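Each reported figure results from applying straightforward, stated rules to the coordinates on display, with no laboratory input. The structure displayed is predicted, hence computed values, not measured ones. All Cβ positions, even for glycine, are placed from backbone atoms using ideal geometry, and neighbour counts span all protein chains on display.
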Amino acid sequence: MDLKPRLIARFLGVLFLVLSSSCGYHMRGQDRPFFKIHNINTLYVTPVRNNSYKAGVEITVYNALRKRFSQGGYLRIVDSPELADARISATVGAAEYAPAAITTADKIASVGSVQGPGSVQIASSYQVMLKVQFVLMDSKKKTLWSDVVVRNKSFAASNYLGALGDTSALINEGEFERTLNDLSISIATDAEESINTID
């Protein structure tokens, strides 16, 4: 019986364990050293403050935070700061979108429709920016972690998709809302992962 394949497989398995433990990498699971060190088992997510011009984005960020920190089973989200070992607060500094790419009206008209003038510039895509400041404090209001996270994502403009007319602005606003939801999930994930990488 040839033992060579078995020895190679065993060697590779040991090598993987040595490398993964020596480089400081931790497999994701229920073990979160930062929260263990600070004896944090319960977390209160404070209502998110909104310093942007986009109404309602604070609710989107708040829901994303609660959902993200409740995943994994290592924390219990509580509804009162008095019941929490720690609290995380967030402030939306900006939630906006602006043209990211420009085209001309004559290039977006569909086949058989009237061509627009080539001199009229129209956005073909928009760039969304969401900026959120975070602070994590223990029950004695000592700051354990803070950061400002900024994320961007683009979406195609309604005109460029052939949705011409009075509904264009509504379609763009709908896409803005959807993109803000995606960015809120991304930012909440980044915040949770950033905390869990603190040694």
The stretch 54-79-the stretch 168-187 distance, computed between alpha-carbon centres (Å): 18 Å
Peptides 177-190, 69-82 ordered by average Cβ neighbours within 10 Å, highest first: 177-190, 69-82
Links that overshoot a 24 Å alpha carbon limit, given the list Lys54/Lys153; Lys36/Lys67; Lys54/Lys140; Lys36/Lys142; Lys36/Lys153: Lys54/Lys140; Lys36/Lys153
Spacing of the two label points (7 Å from each Cα toward its C-beta) at Ile77 and Asn181, in nm: 1.6 nm
